Amino acid sequence: MYINGFTRESVMKQIKAKNLGYPSYCATEDQCMYRAPDGNQCLVGCFIPDNLYEEDFESEGSNVIFEKMPDKMPMIKEALWAFQSFHDRYAMPGFVFFEKIEQELIDLEKHFKGGLK
């Protein structure tokens, strides 16, 4: 499931370095964002290098982002899409964010073990 040298540990490390511990949500725009106004980055946004980020990305799904920079993404497109969907479903305060993210990675690893399903 992981690509480009990433592992669950390195994915979590990058997320913890770039995410503020809650969903990257812009209340004024009422949407999840790769990069929110407060500097928070979503689960996919954490893997978009600063020098490649464009504001236009905010209107793009994770599949499009993957196609634009597959060599920067931490996992196969199908897993990345599921990971982004998880993030979008839990875009609410009041739960242990990083623990939920790591559990989702474990669940995705089980799902994608042995290839695509």
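Key figures
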{"read-out": "Test: residue in the stretch 1-8 that is surrounded by 13 or more Cβ atoms within 10 Å (Cβ to Cβ), among the hydrophobic types (A, V, I, L, M, F, W, C), at pLDDT 95 or above and outside any loop (DSSP other than H, G, I, E, B)", "value": "no"}
{"read-out": "Residue that is modelled with the highest pLDDT [pool: residues in the stretch 83-99 that are touching a strand residue (DSSP E or B) at 6+ places or on another chain (Cβ under 9 Å) and assigned to a helix (DSSP H, G or I)]", "value": "PHE83"}
{"read-out": "Filter result (of a type in the set (Ser, Thr, Tyr) and surrounded by 14 or more Cβ atoms within 10 Å (Cβ to Cβ)) within the stretch 55-77", "value": "SER62"}
{"read-out": "Condition broken by GLY39, with the remaining ones in (1) part of a loop (DSSP other than H, G, I, E, B); (2) among the small types (Gly, Ala, Ser); (3) at negative phi; (4) modelled with pLDDT of 90 or more satisfied", "value": "(3)"}
{"read-out": "Complete set of residues in the stretch 66-87 that are among the basic types (Lys, Arg) and touching a residue at least 60 places away in the same chain (Cβ under 8 Å)", "value": "LYS72"}
{"read-out": "The stretch 41-78 - residue that is within 19 Å of TYR2 (Cβ to Cβ) and among the β-branched types (Val, Ile, Thr) and, of those, nearest to the chain's Cα centre (by Cα)", "value": "VAL44"}
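The values are calculated or read from the model by the stated rules, or taken from the named source; none is laboratory data. None of the values given here were measured: they were computed from a predicted structure. Glycine gets a Cβ as well: all are built from the backbone with ideal geometry, and neighbour counts include every protein chain shown.
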